[in-house]
Amino acid sequence: MSVADKTRLIKQVAAGHGFDRVGIAEARTVPRVPYLNQWLATGRAGTMRYLHRNLNIRSDPRQLLDGARSVIVLAFNYHQQAPPPPDDGLPRGRVAMYAWGDDYHVIVKKRLHALADELHQQIDEPFETRCCVDTVPILERELAAAAGIGWIGKNTMVLHPDLGSYFFLGEIVTTLELSPDEPVTDHCGTCTRCLEACPTKAFTAPYQMDASQCISYLTIEHRDEIPLDFHEAIGEWVFGCDLCQQVCPYNQSAPISRSFPIRPPGPRPHLDEMCKWSDGDYRGILKTSTIRRAKLSMLQRNATIARRNVQ
């Protein structure tokens with residue numbers, strides 16, 4: 001089977017496994033490593049010390065698999081139509097859309113392994129694969145841009161002209177030689193809606209973000225008390241934030257996912273209830289949820305701030 005034939009087959013099989021986009025990147029050193037090093041050195045990762053570890057692996061996917069030659073990058077749409085807010089007059093918070101359903105790490109990785117297994121059945125030559133999601137030290141967005149999945153927008157999200165930015169990424173690093181895709185042209189143009197929508201001014205410039213000021217970071221990754229300066233700007237958000245995506249023109253007509261149904265606590269959790277959750281409530285309600293990334297104490301910290309903002 002030729003390189004071109006293998007590449008076509010992989011894309012056909014990936015579509016059959018429910019992936020919305022697939023692209024191929026060469027396994028090599030990521031070009032934006034100097035920017036990453038500078039970003040970390042200036043403290044823009046906040047307290048996310050794990051980002052400082054394994055920089056050699058993050059910088060080059062070949063460090064993840066001996067003999068790696070290609071990276072298959074896959075996009076999985078999670079865009080949902082928000083249900084009408086409950087008409088009960090209760091104080092409610094907001095959850096970022098990617099956390100409305102079950103834990104995407106489990107969903108995407110299961111599909112990646114199933115895809116890799118089928119590729120081993122259909123491609124008649126020995127090769128190795130390693131399936132990755134964002135729990136692996138890998139620069140997903142840079143690889144997605146290199147593989148033609150989309151371009152990195154001014155809000156630092158990967159954008160596709162048809163799919164928007166509401167999609168998860170997954171990667172299969174492989175020793176197969178495949179035909180790499182061409183990167184997608186940046187279509188942000190003169191638009192600055194995402195930059196202007198951020199209430200904490202986390203974007204220091206187009207295509208640059210200070211994560212330590214991002215609502216998603218503050219509500220999910222930051223383990224300590226949130227500085228008072230950010231409390232009002234956080235608004236109703238208790239887990240993540242979608243504001244810079246909500247205003248993006250490419251998300252206005254993005255397709256709705258049929259493979260990522262909403263689960264409790266959903267988009268608008270009851271703040272007073274969340275403030276009273278016990279450990280058992282936390283484990284039971286969030287049993288298969290991405291929201292468990294934040295500890296109970298953090299969620300209640302966030303809910304307390306949001307409660308003050310909706311009074």
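The table that follows gives values for the structure above.
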| read-out | value |
| --- | --- |
| Translational D in µm²/s for segment 1-126 (Stokes-Einstein at 37 °C, 0.692 mPa s, Kirkwood Rh from C-alpha pairs) | 180 |
| Counted charge near Ser179, where neighbours are those whose Cβ lies closer than 11 Å (Asp, Glu -1; Lys, Arg +1) | -2 |
| For the chain: accessible area per residue (Å², 1.4 Å) | 47 |
| Karplus-derived HN-Hα couplings along segment 38-54 (A = 6.51, B = -1.76, C = 1.60, θ = phi - 60°), whole Hz, x at Gly and Pro | 5, 4, 5, 5, 8, x, 6, 8, x, 8, 7, 5, 4, 6, 7, 8, 6 |
| Overall dimensions of segment 89-128 as given by Cα atoms, namely Rg and Dmax in Å | 18.3, 62 |
| Theoretical gain in end-to-end length, Cys275 to His120 [0.36 nm per residue, Cα-Cα removed] | 50.9 nm |
| For segment 222-311, with +1 on Lys and Arg beta carbons and -1 on Asp and Glu, the positive-most of Gly284, Ala303, Ala233 along the dipole | Gly284 |
| For segment 166-179, 3J(HN,Hα) per residue [Karplus equation, 6.51 cos²θ - 1.76 cosθ + 1.60, θ = phi - 60°, Hz, x = Gly/Pro] | 7, 8, 7, 10, x, 9, 10, 7, 9, 7, 5, 8, 10, 7 |
| Anchor Lys110: lysines whose Cα lies under 26 Å away (excluding residues fewer than 8 positions away in-chain) | Lys6, Lys11, Lys287, Lys295 |
| Residue-wise HN-Hα coupling along segment 181-192, computed from phi with Karplus coefficients 6.51, -1.76, 1.60 (Hz; x: Gly, Pro) | 8, 7, x, 8, 5, 5, 10, 5, x, 8, 5, 10 |
| Partner lysines for Lys154 [C-alpha distance under 25 Å; skip if fewer than 8 residues away on the same chain] | Lys201 |
| Local net charge near Arg49, Cβ-Cβ under 12 Å (Lys/Arg +1, Asp/Glu -1) | +1 |
| Residue order for Arg223, Arg301 - accessible surface, 1.4 angstrom probe, largest first | Arg223, Arg301 |
| Over segment 142-236: Kirkwood hydrodynamic radius from C-alpha pairwise inverse distances, Å | 15.4 |
| Segment 126-181: C-alpha gyration tensor shape, a/c 1.5 cut-off, then a/b vs b/c | prolate |
| Given charges at Cβ of Lys, Arg, Asp, Glu: the chain dipole, positive-most of Pro34, Ile152, Leu243 | Leu243 |
| Stokes-Einstein translational diffusion, the chain - Kirkwood Rh over all Cα pairs, 0.692 mPa s, 37 °C, in µm²/s | 160 |
| Whole-Å semi-axes of segment 6-54's equivalent ellipsoid (Cα gyration tensor) | 34, 14, 8 |
| Solvent-accessible area, 1.4 Å probe, carbon plus sulfur percent, for the chain | 49 |
| Distance between segment 247-282 and segment 172-212 - C-alpha centres, whole angstrom | 24 |
| Residues whose placed amide H lies under 5 Å from that of Phe239, excluding near-sequence neighbours | Arg94, Ala96 |
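The values are calculated or read from the model by the stated rules, or taken from the named source; none is laboratory data. None of these values were measured; they are calculated from a predicted model. Positions of Cβ are generated from backbone atoms using ideal geometry, with glycine treated the same way; all protein chains shown enter the neighbour counts. The protein model used for the area step is the full one, side chains on, heavy atoms only, and it has no ligands, DNA or RNA in it. Shrake-Rupley method; radii C 1.70, N 1.55, O 1.52, S 1.80 Å.
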